[in-house]
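The values are calculated or read from the model by the stated rules, or taken from the named source; none is laboratory data. Keep in mind that what you see is a predicted model, and the values were worked out from it rather than measured. Ideal geometry is used to build each Cβ from the backbone, glycine not excepted, and the neighbour counts take in all protein chains shown. Areas reflect the complete protein model, heavy atoms only, side chains present, ligands, DNA and RNA absent. Shrake-Rupley method; radii C 1.70, N 1.55, O 1.52, S 1.80 Å.
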Amino acid sequence: MALPPLPSLPLSLPAAALALAALAAFLLVLICAIAHVTAKTMPHKDAGCRKGSAPNIHDPATRELSVVVPSYNEENRLPLMMDEALDYLEKRQKKDPSFTYEVIVVNDGSRDQTAKVAKEYCKKYGSDKVRVISLEKNRGKGGAVRTGVFSSRGKKILMADADGATKFADIEKVEEGLKNLQPWPKGMAISCGSRAHLEKDSIAKRSYFRTLLMYGFHFLVWFLCVKEIRDTQCGFKLLTREAALQTFSNLHIERWAFDVELLYIAQRLKIPIAEVAVNWTEIEGSKLVPFWSWLQMGRDLLFIRLRYMTGAWKLEAKKCN
């Protein structure tokens with residue numbers, strides 16, 4: 001007895017492969033179109049150019065170092081970081097009176113007593129050494145750092161997290177990294193603190209899920225944006241004033257992925273970047289929500305690449321006075 005014939009497939013394999021390729025191409029074009037259409041212009045585009053009595057990144061530097069500390073609901077962790085940083089800076093100034101500094105705490109719309117805590121240091125050290133800038137609404141770490149950078153007076157500008165996870169004295173390590181990049185093209189260079197050397201120990205303490213998210217994020221950073229820096233997310237970065245002006249004036253991302261766009265811009269502008277190992281300890285109280293924050297960062301990484309690729313975002317050269 002003959003077996004009934006098998007039902008014919010609606011599409012041959014080559015035709016199915018072609019259809020899938022067409023679908024993938026359509027989705028890619030659609031994502032590019034969405035990324036382009038939804039791209040926002042920089043709300044800060046002219047913020048650094050405004051004239052007035054307040055310090056401005058476009059003005060000549062009047063300090064050796066500016067330390068920008070973004071702070072959101074950090075009333076508990078901020079004091080330890082500020083005590084360590086200011087103790088180091090004061091001792092350094094006593095050894096070298098020509099060394100001048102300022103610490104800028106940017107209160108990013110905190111709902112706790114962060115601003116009050118920060119202002120106590122203004123009283124103790126003087127408003128010339130410690131300044132507090134308060135944002136009415138939370139803009140995200142990138143937005144807070146940019147606000148502080150635009151108001152800085154230093155020849156060099158250090159980003160430092162409010163949790164004090166990085167030992168502040170390691171500023172000497174990133175300074176050495178910056179020095180080793182000389183001569184700086186057009187006065188621009190960046191030295192990034194890095195925790196890459198601690199990766200094996202951190203993996204041993206993380207869940208498999210968080211480790212998977214970490215590796216996925218690192219792959220997307222490498223594949224889409226930044227290939228030469230292993231740890232883009234360490235909050236301890238030192239920039240020359242000119243490098244800070246050029247990168248932050250072109251920055252769009254205001255949340256967690258802003259570090260990646262910052263370094264992507266630096267690479268596009270051919271700004272030399274050093275990566276330097278620093279001492280780092282995980283401090284409780286992180287504002288990073290593992291799954292949703294990583295998901296948001298993944299989306300931002302894709303949009304960073306697509307928006308620059310499609311011309312929705314363009315790099316513009318800025319000039320210091």
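Figures for the structure shown
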{"read-out": "Positions within segment 111-170 being touching a Lys or Arg at 6+ places or on another chain (Cβ under 6 Å) and of a type in the set (Asp, Glu), in sequence order", "value": "ASP163"}
{"read-out": "Residue under evaluation VAL174, criteria (1) of a type outside the set (Phe, Trp, Tyr); (2) open to solvent by 10 Å² or more (accessible area, probe 1.4 Å); (3) in contact with a Phe, Trp or Tyr (Cβ under 8 Å, 6 or more places away or on another chain), criterion not met", "value": "(2)"}
{"read-out": "Single match in GLU254, GLU261, GLU275 (criterion: at pLDDT 90 or above, more than 26 Å from ASN180 (Cβ to Cβ) and of a type in the set (Asp, Glu))", "value": "GLU254"}
{"read-out": "Complete set of residues in segment 94-142 that are open to solvent by 40 Å² or more (accessible area, probe 1.4 Å), in contact with a strand residue (DSSP E or B) (Cβ under 9 Å, 6 or more places away or on another chain) and polar (S, T, N, Q)", "value": "SER98, THR100, SER134, ASN138"}
{"read-out": "Residue that is most open to solvent (accessible area, probe 1.4 Å) [pool: residues in segment 218-275 that are of a type in the set (Lys, Arg) and without any contact (Cβ under 8 Å) to a residue 60 or more places away in the chain]", "value": "ARG230"}
{"read-out": "Any helices (runs of 4 or more DSSP H) falling wholly within segment 104-206 and containing at least 2 residues that are touching a residue at least 40 places away in the same chain (Cβ under 8 Å)", "value": "114-125, 141-150, 171-179"}
{"read-out": "Looking only at segment 187-202, and only at residues there that are of a type outside the set (Gly, Ala, Ser) and at pLDDT below 95, the one that is surrounded by the fewest Cβ atoms within 10 Å (Cβ to Cβ)", "value": "LYS200"}
{"read-out": "Test: residue in segment 33-49 that is outside any loop (DSSP other than H, G, I, E, B) and modelled with pLDDT of 95 or more", "value": "no"}
